[in-house]
Amino acid sequence: MIERLLNWLEKSTCNFLAAKTIIDELKAGGFKEIKQNEEWDIHPGGKYYMVKNGSAVFAFTTGKGLSSFKNGSLLIAAHSDSPCLRLKPHPEIYGDGGVVSLNVEKYGGGILYTWFDRPLSMSGRITVKSDDPLNPREIIFDLRRPVAVIPHLAIHFNRQVNEGNPISVQKDMKPVIGYFDAATIRMAQQGKGILLSAVAKECGVNPQEILDYEISLYPYIKPQLCGLNNEYIESGRIDDLSMAFAGLEAMLATCDDESDNIRILAVFDNEETGSGTRQGAASPVLRDMMERICDRLGGSKEDFYVGVANSFMISADDAHAWHPNYYEKYDPTNHPVIGGGPVIKINSNCKYMTDSVGAAIFKELCTKAGVNYQMFVNHSDVAGGSTLGNILTSQLDFKGVDVGSAIWAMHSAVETAGVSDHIDMVKVFKTFWT
């Protein structure tokens with residue numbers, strides 16, 4: 001299981017490739033694709049998936065049909081995106097000696113200084129001309145080699161760097177992709193540029209055919225195990241792909257088992273920027289999907305309301321692990337540790353959807369699965385973040401709970417998670433769906 005996780009993380013270098021990884025596994029598991037812009041032909045006992053924007057994936061099993069829908073859907077929700085750096089339009093900046101750097105902006109709330117002095121690669125989506133202006137071609141790509149670096153300024157020019165170093169994304173974080181002769185740069189300026197020409201070559205298209213792009217940088221570092229006993233997982237994008245892949249693992253393991261409920265794995269995009277896109281949790285995409293499932297299984301609007309009221313959602317997004325160097329940042333009695341099991345996340349100001357009922361249900365699932373659970377509450381003087389749970393309940397009136405695995409360095413270029421925690425979370429997800 002852990003080898004599969006490492007392999008999936010290595011493949012999933014951006015939101016589009018995370019979605020592709022999930023889709024490939026669902027296809028191999030016998031799931032059939034249905035599309036929003038086509039009529040649905042779904043039946044009891046079926047396995048289906050739907051893709052939104054190429055970056056969000058929704059998989060479900062139909063159980064015994066309408067009776068399963070009315071009994072309630074059992075949902076696990078996660079997200080495909082992670083904080084990173086993304087290219088702006090017209091990204092190339094030409095400097096002395098033919099050095100070419102890139103104009104980028106940050107996506108989400110990353111720990112910026114962790115991106116310096118690392119080998120960086122790029123992946124994403126390009127949109128290419130077709131015969132129909134309303135339906136351009138989309139190509140997902142990954143350069144899969146180190147092509148850029150963001151070099152630090154030497155300490156000799158900033159003796160106070162270790163005493164705190166404010167970072168400007170616009171000034172300090174321009175990735176360098178190489179140095180080139182004057183003729184190459186002149187040709188690049190007349191065309192699509194050096195970088196897009198390289199991307200076009202990778203994708204097998206003419207650079208002039210590229211209409212637009214969404215390109216992310218990522219640390220070119222292989223996911224790996226760490227620790228004297230290989231107890232840690234080190235990788236970029238653990239938040240939140242570890243939860244998406246735990247849900248995927250559980251779905252593939254249980255999808256052929258008979259169920260009195262509808263099972264749904266919902267992997268949204270754009271959680272790191274507020275979920276306010278058509279593929280995000282604040283959109284009606286999940287509600288629309290569930291209405292269509294109910295309708296295609298022969299249900300009425302009343303059946304839909306009954307099914308939603310009986311549903312339960314696990315909003316799965318990683319949690320903050322206790323850090324041995326910063327004890328004072330954590331709640332004194334509710335700080336989860338790596339290796340301690342799944343984490344239930346609670347906030348009295350409703351930043352999470354967890355209430356006592358949702359927490360109790362998840363505790364019982366953990367007990368049934370034979371794993372320990374932990375609680376996370378913010379230090380009372382430290383503001384916390386939020387996640388998918390409450391955003392989704394603005395669209396669908398679900399009962400539920402916010403959970404995650406405890407990790408270090410959330411939103412760093414490289415994060416750390418626990419091997420046993422991932423295994424335990426998959427066990428709980430399987431229990432939820434069986």
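The values are calculated or read from the model by the stated rules, or taken from the named source; none is laboratory data. For clarity, every value in this text was computed on a predicted model and none was experimentally measured. No Cβ is skipped: glycine too gets one built from the backbone with ideal geometry, and neighbour counts run over all protein chains shown. These accessible areas exclude ligands, DNA and RNA; they are computed on the full protein's heavy atoms, side chains included. Shrake-Rupley method; radii C 1.70, N 1.55, O 1.52, S 1.80 Å.
Data overview
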{"read-out": "Fully extended contour minus Cα-Cα distance, from K222 to N325, at 0.36 nm per residue", "value": "34.5 nm"}
{"read-out": "Residues of type lysines that K64 reaches as a straight line, Cα spacing below 18 Å, ignoring anything fewer than 8 places off in the same chain", "value": "K32, K47"}
{"read-out": "Convex hull per residue volume in Å³, alpha carbons only, for region 1-81", "value": "109"}
{"read-out": "DSSP bridge pairs, the chain: antiparallel proportion in percent, nearest 5", "value": "70"}
{"read-out": "For region 308-434, radius of gyration divided by Kirkwood radius, i.e. Rg to Rh on alpha-carbons", "value": "0.95"}
{"read-out": "The chain: angle of helix 2-11 to the longest principal axis, Cα-based, in degrees nearest 10", "value": "50"}
{"read-out": "Region 203-305, Rg to Rh (Cα coordinates; Rh as Kirkwood inverse mean 1/r)", "value": "1.09"}
{"read-out": "Euclidean distance of C-alpha centroids, region 228-252 and region 120-163, integer Å", "value": "24"}
{"read-out": "Spatial separation of Cα centroids for region 311-369 and region 263-307, in angstrom", "value": "25"}
{"read-out": "Residues whose placed amide H lies under 5 Å from that of L85, excluding near-sequence neighbours", "value": "Y107, L217"}
{"read-out": "Dipole magnitude of the chain, debye to nearest 20 (Cβ charges: Lys/Arg +1, Asp/Glu -1, about Cα centre)", "value": "460"}
{"read-out": "Sequence of M425, M375 from largest to smallest accessible area, 1.4 Å probe", "value": "M375, M425"}
{"read-out": "Whole-angstrom gap from region 25-85 to region 379-434, using each part's C-alpha centre", "value": "20"}
{"read-out": "Base-10 log of normalised Debye intensity for region 271-360 (one unit scatterer per alpha-carbon) at q = 0.12, 0.22 Å⁻¹", "value": "-0.59, -1.20"}
{"read-out": "Farthest toward positive dipole pole in region 1-159 [+1 Lys/Arg, -1 Asp/Glu at C-beta], among W40, G98, T127", "value": "W40"}
{"read-out": "Area accessible to solvent at V99, 1.4 Å probe radius, in Å²", "value": "50"}
{"read-out": "Residue order for R292, R159 - accessible surface, 1.4 angstrom probe, largest first", "value": "R159, R292"}
{"read-out": "Inverse mean reciprocal Cα-Cα distance (Kirkwood Rh) of region 67-185, Å", "value": "17.9"}
{"read-out": "Extension reserve of the R4-E38 stretch, reckoned as 0.36 nm per residue once the Cα distance is removed", "value": "8.9 nm"}
{"read-out": "Region 105-121 - phi-based ³J(HN,Hα) in whole Hz, Karplus 6.51/-1.76/1.60, Gly and Pro as x", "value": "10, 7, 9, x, x, x, 7, 5, 5, 6, 8, 6, 6, 10, x, 10, 10"}
{"read-out": "Net charge, S123 excluded, C-beta distance under 12 Å - Lys, Arg +1, Asp, Glu -1", "value": "+3"}
{"read-out": "Values of log10 I(q)/I(0), in the order q = 0.14, 0.26, 0.27, 0.28 Å⁻¹, for region 125-196 under a Debye, Cα-only, solvent-free model", "value": "-0.76, -1.18, -1.20, -1.23"}
{"read-out": "Scaled radius of gyration (Cα, divided by 2.2 N^0.38 Å) that region 11-137 gives", "value": "1.46"}
{"read-out": "Angle in degrees between helix 356-369 and the longest Cα principal axis of the chain, rounded to the nearest 10", "value": "90"}
{"read-out": "Members of K20/K52; K129/K201; K35/K301; K27/K52 lying beyond 20 Å, as alpha-carbon distances in this model show", "value": "K35/K301"}
{"read-out": "Tilt relative to the chain, helix 285-296 - C-alpha long axis, 0 to 90 degrees, to 10", "value": "40"}
{"read-out": "Theoretical FRET efficiency, 1/(1+(r/R0)^6), r = Cβ-Cβ of M187 and K106, R0 30 Å, to 0.05", "value": "0.45"}
{"read-out": "Test item: Cα-centred dipole of region 276-318, Lys/Arg +1 and Asp/Glu -1 on Cβ, debye", "value": "160"}
{"read-out": "Helix-only mean residue ellipticity at 222 nm for the chain, each DSSP H run of n ≥ 4 adding -39500 (n - 2.57), per residue, nearest 500", "value": "-8500 deg cm²/dmol"}
{"read-out": "Ratio of the Cα radius of gyration of region 169-215 to 2.2 N^0.38 Å, where N counts its residues", "value": "1.28"}
{"read-out": "Cα pair distances in region 145-261, grouped into 10 Å bins until the bin that holds the longest one, percent each", "value": "9, 22, 26, 24, 13, 5, 1"}
{"read-out": "Heavy atoms of I407: accessible area, 1.4 Å probe, square angstrom to 10", "value": "0"}
{"read-out": "All lysines inside 24 Å of K345 as judged from Cα atoms, apart from same-chain residues fewer than 8 positions distant", "value": "K329, K363, K368, K399, K427, K430"}
